[in-house]
Amino acid sequence: MTSAPAEARPSDTRRGLASWFWLALLLAYTVGVHHGIGPSPARVSLHWYDPRGFFFGWMFLDPWIGGTLRAVATLVTPAAILALWIFASGRSAVARALALSCALATLLFAFYGVGAQFVWNFFGWRGSAVLAVTALCAGFAVAAPLLAASWLRLGWTLRVALYLPVCLAVMAFVRNATGTDPGLRFAISPWPAVPVFGLEVGAMFAAVWMLGAAIGVSGFALARGRFARASLRERLAIHGGMALGIALPAGLLLLGSSLEMFPFRMGARAPLALGLLSGLSILLLAGSGPGAERAARLRRRGRVLALGAALVLLPLVSGQALARRDYHVTRELRAQNIIDALQQYYQREFIYPDALEELVATGELASIPRPRIGFPGFENPQFRYQSFGTGYVLEFSAPRWVQCAYNPPWEDDEEFEDEEFEDEEDEEVDTENESLAATWSCPREPPELW
């Protein structure tokens, strides 16, 4: 008699295997879209990871992929249906996160395969890697509450063992990606697309949205599920949580923009859209059911939303803080030590040295400082120096896609000045002297990329 209910419904094991089967099918479809819509490299032999572009040779697909929006809708719809089925039929948080990542990757492949094929063709396999890894970062960030709920069911040893490598990897991507170093480590392409679009934009926006949703859901939970006959205090908790849940994401985005945490200046549309999304999410997550059961469910949802946001934000904010610190130390301290030593050498010799090593030989420096960029061991950064006799250029690679260069003030030799034009061009000479002052090509704080 006890075995009848178990036979009447699928076991958790069977459901889990079924979700992984559908995930494998979705992954195969995503790879098929990549190979079918991506630009084929102009060479005879192709690697296994190269796209072929065979969709464009199938005549029956012409009406469906003839334009960017049409191609995106046609190719993303099957992926979205499979992802929704995996969400509905399975319980694995990892499978759901991977399903969401596959759907996002399909969207990116379709867009860049039709609407921006030149970009993909220009970067080749790096373009494929950027699109895939960006989708993976954004997909797992959006699925962070589901992953957080599974993470809480583990012991502390397993929690640390699973999260610490991911946290360090994300911090390294954010801190180490310069986009200008010869190895292009942590950038994949000459543009640090994964740290910028996948992490600083996609994952950061998802985490801010989760924070707003967590506050709004917690406000509903304080009403103990009695929404229809809630007391004044409970109604204030509902409306206050809802208002704060909508305002917080917009406010955090504007604050982050003012602190230059994003690679662009934030307008009003993005915070407004994210606030509206948070409001809709709060209403959908409020759900229905008996009062006590509903309140307990909302408290759990609020906790996993807040924890998911914290797990995403911790490596992102830490990586950015370390990158900004690296930038400050390199530009304001270590580069300045070299600049001061070069100035001392110039005042004595009336010419700048041919190499920085001469500053050590003459005693101006005990050793040549190195730029501080990212975690040690990944990079071998060095200051690049080029002497022009009475001038020089000192350069270093900075976070994101910034190449910093310093030029000392340029001094004209007075004995070669033509006194005949001195009175006529006093104002022009003064203006020129101002333009020949010492200059940095990069500001004191990490600049915006666009």
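Data for the structure
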item: Residue in the stretch 334-390 that is farthest from the chain's Cα centre (by Cα), counting only those that are touching a residue at least 60 places away in the same chain (Cβ under 8 Å), farther than 15 Å from Ala438 by Cβ and not in a strand (DSSP E or B); result: Pro381
item: All positions within the stretch 113-135 that are touching a residue at least 24 places away in the same chain (Cβ under 8 Å) and open to solvent by 60 Å² or more (accessible area, probe 1.4 Å); result: Gln117, Asn121, Trp125, Arg126
item: The one condition in (1) crowded, with 21+ Cβ neighbours inside 10 Å; (2) under 18 Å from Phe109 (Cα atoms) that Ile81 fails to fulfil; result: (1)
item: Test: residue in the stretch 175-189 that is under 30 Å from Ile246 (Cβ atoms) and either at pLDDT 90 or above or crowded, with 24+ Cβ neighbours inside 10 Å (or both); result: no
item: The stretch 52-67 residues that are at positive phi, paired with ones that are part of a loop (DSSP other than H, G, I, E, B) and open to solvent by less than 90 Å² (accessible area, probe 1.4 Å) (beta carbon under 8 Å, 6 or more apart); result: Gly53/Gly38; Gly53/Pro39; Gly53/Ser40
item: From the options Ala143, Ala105, residue that is open to solvent by less than 60 Å² (accessible area, probe 1.4 Å), closer than 15 Å to His34 by Cα and among the small types (Gly, Ala, Ser); result: Ala105
item: Which numbered condition Arg444 misses (of (1) modelled with pLDDT of 75 or more; (2) of a type outside the set (Gly, Ala, Ser); (3) surrounded by 11 or more Cβ atoms within 10 Å (Cβ to Cβ)); result: (3)
item: Candidate set from the stretch 343-363 (those that are touching a Phe, Trp or Tyr at 6+ places or on another chain (Cβ under 8 Å) and aliphatic (A, V, I, L, M)); member that is most open to solvent (accessible area, probe 1.4 Å); result: Ala355
item: Unique residue being in contact with a helix residue (DSSP H, G or I) (Cβ under 8 Å, 6 or more places away or on another chain) and at pLDDT 90 or above when the list is Ala161, Ala144, Ala193; result: Ala144
item: Boolean, Arg300 is within 30 Å of the chain's Cα centre (by Cα) and among the basic types (Lys, Arg); result: yes
item: Filter result for the condition that a residue is open to solvent by 40 Å² or more (accessible area, probe 1.4 Å), assigned to a helix (DSSP H, G or I), aliphatic (A, V, I, L, M) and modelled with pLDDT under 80, over Leu252, Leu236, Leu211; result: Leu236
item: Filter result for Ile86 (outside any helix (DSSP H, G or I) and either open to solvent by less than 30 Å² (accessible area, probe 1.4 Å) or modelled with pLDDT under 90 (or both)); result: no
item: Scan of the stretch 376-399 for residues that are open to solvent by 50 Å² or more (accessible area, probe 1.4 Å) and touching a Lys or Arg at 6+ places or on another chain (Cβ under 7 Å), ordered by number; result: Phe378, Gln382, Glu395
item: Selection from the stretch 259-275 of residues that are of a type outside the set (A, V, I, L, M) and at pLDDT 75 or above; result: Arg269, Pro271, Gly275
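Yes or no, residue by residue, for (1) open to solvent by 60 Å² or more (accessible area, probe 1.4 Å); (2) closer than 24 Å to Ala193 by Cα:
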{"site": "His34", "(1), (2)": "no, yes"}
{"site": "His47", "(1), (2)": "yes, yes"}
{"site": "Arg52", "(1), (2)": "yes, yes"}
{"site": "Gly67", "(1), (2)": "no, no"}
{"site": "Cys137", "(1), (2)": "no, yes"}
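Yes/no per residue for (1) out of contact with any Gly (no Cβ under 6 Å at 6 or more places or on another chain); (2) basic (Lys, Arg); (3) at pLDDT 90 or above; (4) under 30 Å from Val201 (Cα atoms):
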{"site": "Gln320", "(1), (2), (3), (4)": "yes, no, no, yes"}
{"site": "Arg331", "(1), (2), (3), (4)": "yes, yes, yes, yes"}
{"site": "Gln343", "(1), (2), (3), (4)": "yes, no, yes, no"}
{"site": "Tyr352", "(1), (2), (3), (4)": "yes, no, yes, no"}
{"site": "Gly374", "(1), (2), (3), (4)": "yes, no, no, yes"}
{"site": "Asn380", "(1), (2), (3), (4)": "yes, no, no, yes"}
{"site": "Tyr385", "(1), (2), (3), (4)": "yes, no, yes, no"}
{"site": "Glu395", "(1), (2), (3), (4)": "yes, no, yes, yes"}
{"site": "Pro399", "(1), (2), (3), (4)": "yes, no, no, yes"}
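The values are calculated or read from the model by the stated rules, or taken from the named source; none is laboratory data. Predicted model only: the values in this text are computed from it and were never measured. Glycine gets a Cβ as well: all are built from the backbone with ideal geometry, and neighbour counts include every protein chain shown. We work out accessible area using only protein heavy atoms, side chains counted, and drop any ligands, DNA or RNA first. Shrake-Rupley method; radii C 1.70, N 1.55, O 1.52, S 1.80 Å.
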